[in-house]
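Single-structure report; data block below.
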Amino acid sequence: MQVTTIGLDIAKNVFQVHGIDAAEKVVVRKQLRRSQVLAFFKALSPCLVGMEACVGAHHLSRQLLALGHDVKLVPAQFVKPFLKGHKNDYRDAEATAEAVQRPTMRFVATKTEEQLDLQALHRVRARLVAERTATVNEIRAFLLERGIAVAQGIQRLRRALPDVLAKSTDALSPRMIRIIEALAADWRRLDERVEEVSTEIETLARKEAPCQRLMTVPGIGPIISSATVATIGTGDMFAKGRDFGAWLGMVPKQLSTGGRTILGKISKRGNKYLRTLFVQAARVVLLKRVSWERYGLKAWIEAAARRLHTNKLAIALANKLARIAWAVLHYGRNFEVSHDYAPQPA
């Protein structure tokens, strides 16, 4: 039995193996318990192993790579077209074995333990920020139902809340005051946790060389740089920066046919969290007009601003920053302005 390609459908406890030989004949079809997986692959000669990119796939991928196998992680949406019949573990493994052999297939890079640690920190921070936003919105809604409207913005509510609780005793019942005070206490605890996690992320980012290089790009600080490194590493999975921008979903969605090009709204594909961070970075750069010339963006932004709405301009600049970020990671160099901008005569 000479297995050349294996499709492995992973789960919490039960793993389905679908192995084929050089003639694409099925030679292995079996279920394994988690404790049996490594022993099974140790007994095999090095071969191509395909898995869907999901929870637990990166850990197992590193283990199989250490055994000498060529492991490829396939995005789940690219496996689905190869599925024949109703879904089950065996057909999932068979579809993965088919997909991993395609010469034009796109794969997900195996993440290191350090990348997964950074990713975990960012997911915890995102959850805490979402909980804080929900708490603030709940306080604002309770006040509005009692006829007290506070201007939009978390800082405005933070400043206004003490006076509201002290001076609006006629509009707020004692029970409602206690409820809002308890929510305010939750809000303070969430602030502390967000600050704690953010500080840890910043500390890690300032120690990592790739993050330090990314922070030379305009608008990118410790949060965005560490999130980018945690997601794409050195960016080797993309052939060029344009591919990274398209993967983030910051390019128009195409519905072209018959030689007729039809472009719609941005596709919003890929990593939503990372896309949001790059758009925020672009909006920060647009606000700081004095930095445009220093970073060599003045001519480009002014030309784009004449033909694009502010929101479209932000997306276009976010795409540009993402492409710059990919180049910085891929080539291992700091961001540098390639043109000298001499001051214009008065």
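Looking at LEU248, LEU183, LEU172, LEU165, which is the one that is over 17 Å from PHE278 (Cα atoms), touching a Lys or Arg at 6+ places or on another chain (Cβ under 7 Å) and surrounded by 13 or more Cβ atoms within 10 Å (Cβ to Cβ)? Let's see the steps before the verdict.
Values: LEU248 fails: over 17 Å from PHE278 (Cα atoms); LEU183 fails: touching a Lys or Arg at 6+ places or on another chain (Cβ under 7 Å); LEU165 fails: touching a Lys or Arg at 6+ places or on another chain (Cβ under 7 Å).
Unique residue meeting the criteria: LEU172.
Six or more apart or on different chains, Cβ under 7 Å: which pairs go from a residue in the range 76-96 that's more than 14 Å from ILE20 (Cα to Cα) to one that's part of a helix (DSSP H, G or I) and polar (S, T, N, Q)? Could you list them?
Once the first residue is more than 14 Å from ILE20 (Cα to Cα) and sits in the range 76-96, its partners that are part of a helix (DSSP H, G or I) and polar (S, T, N, Q) give VAL79/THR96.
Take the range 198-220 and flag every residue that is within 25 Å of GLU293 (Cβ to Cβ), outside any helix (DSSP H, G or I) and touching a residue at least 12 places away in the same chain (Cβ under 8 Å). Reasoning before the result, please.
Filtering the range 198-220 down to residues within 25 Å of GLU293 (Cβ to Cβ) leaves 212-220.
Subsequent filtering for residues that are outside any helix (DSSP H, G or I) retains 215-220.
Within the range 198-220, THR216, VAL217, PRO218, GLY219, ILE220 qualify.
Would you pick out the residues in the range 186-231 that are loosely packed, with under 15 Cβ neighbours inside 10 Å and among the polar types (S, T, N, Q)?
Residues satisfying the conditions are THR199, THR203, GLN212.
Which numbered condition trips up GLN155, out of (1) more than 30 Å from ARG333 (Cα to Cα); (2) open to solvent by less than 30 Å² (accessible area, probe 1.4 Å)?
Single failed check for GLN155: (2).
Return a yes/no flag: does the range 269-280 have any residue that is small (Gly, Ala, Ser) and either open to solvent by 60 Å² or more (accessible area, probe 1.4 Å) or modelled with pLDDT of 90 or more (or both). Steps first, please.
Kept after step one, since they are small (Gly, Ala, Ser), are these residues of the range 269-280: 270.
With either open to solvent by 60 Å² or more (accessible area, probe 1.4 Å) or modelled with pLDDT of 90 or more (or both) added as a condition, the list becomes none.
No: zero hits.
Condition check: more than 22 Å from ASP117 (Cα to Cα) and at pLDDT below 90. Does ARG260 satisfy that? First the steps, then the outcome.
Values: more than 22 Å from ASP117 (Cα to Cα): yes; at pLDDT below 90: yes.
So ARG260 fits the description; yes.
Taking the condition of being open to solvent by 50 Å² or more (accessible area, probe 1.4 Å) and either closer than 16 Å to LYS87 by Cβ or not hydrophobic (A, V, I, L, M, F, W, C) (or both), how many residues in the range 12-29 meet it?
5
Got a sec? Which strands (runs of 3 or more DSSP E) wholly within the range 1-111 have at least 1 residues that are closer than 24 Å to ALA239 by Cβ, touching a strand residue (DSSP E or B) at 6+ places or on another chain (Cβ under 8 Å) and among the acidic types (Asp, Glu)? Reasoning before the result, please.
Details: elements: 5-9, 14-20, 26-33, 48-52, 70-74.
In the range 1-111, the matching strands (runs of 3 or more DSSP E) lie at 48-52, 70-74.
The values are calculated or read from the model by the stated rules, or taken from the named source; none is laboratory data. For clarity, every value in this text was computed on a predicted model and none was experimentally measured. Glycine gets a Cβ as well: all are built from the backbone with ideal geometry, and neighbour counts include every protein chain shown. Each accessible area value is taken on the protein alone, full model and side chains, heavy atoms only, with ligands, DNA and RNA left out. Shrake-Rupley method; radii C 1.70, N 1.55, O 1.52, S 1.80 Å.
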